[in-house]
Amino acid sequence: MAPAVSWKRNKPKDKNLADQIMKACEEAAKEADFNKFSVMLITDSKHTSSDPRLHATVNVKVNAADTVHQVAHIYLKEVRRDFKHFYDYDGYKLYDGLKPDV
């Protein structure tokens, strides 16, 4: 069963962008690797970091009350339609190890 997806912080003010990132994360949540988690919290919207691919960063937890999480990057593919930018789901990377919530 896919984890429930919600925003933890840094939700874009642009509603369309926020909706596109949410949709990409909901799509990723259906992947088998995420079945063991009950919660997926979006912590950062579209960006690059030490990982150069455009992505949203999420924390995933087995139980919502857990004080630790795993980190995943939900990759976004920029698509232009009707002279506008859209961001579609383009894979993910689930990182090993648990991190404490802060």
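Taking the accessible area of the chain, probe 1.4 Å, and keeping the other protein chains in place, the carbon and sulfur fraction comes to 51%.
Charge dipole (Cα centre; +1 on Lys/Arg Cβ, -1 on Asp/Glu Cβ; no other charges) of the chain amounts to roughly 300 debye. In this calculation the C-beta distance from Lys77 to Arg9 is compared with R0 = 30 Å, giving a FRET efficiency of 0.80. Measuring between alpha carbons in the structure, the pairs from Lys13/Lys99; Lys46/Lys84; Lys13/Lys61 lying more than 20 angstrom apart are Lys13/Lys99; Lys13/Lys61. Matching the structure-derived Rg/Rh (Cα atoms, Kirkwood Rh) against the labelled list (1) 1.28; (2) 1.62; (3) 0.96 gives the label (3).
Could you report the chain's accessible area per residue, 1.4 Å probe, as an integer in Å²?
Numbers: 6290 Å² over 102 residues.
On a per-residue basis, 62 Å².
To the nearest ten degrees, helix 15-29 and the longest principal axis of the Cα atoms of the chain are 50 degrees apart.
The values are calculated or read from the model by the stated rules, or taken from the named source; none is laboratory data. Please read these numbers as outputs of a predicted model, since none were measured by experiment. Cβ sites come from the backbone with ideal geometry, for glycine too, and all protein chains shown count toward neighbours. Surface accessibility is based on the protein's heavy atoms, side chains included, excluding ligands, DNA and RNA. Shrake-Rupley method; radii C 1.70, N 1.55, O 1.52, S 1.80 Å.
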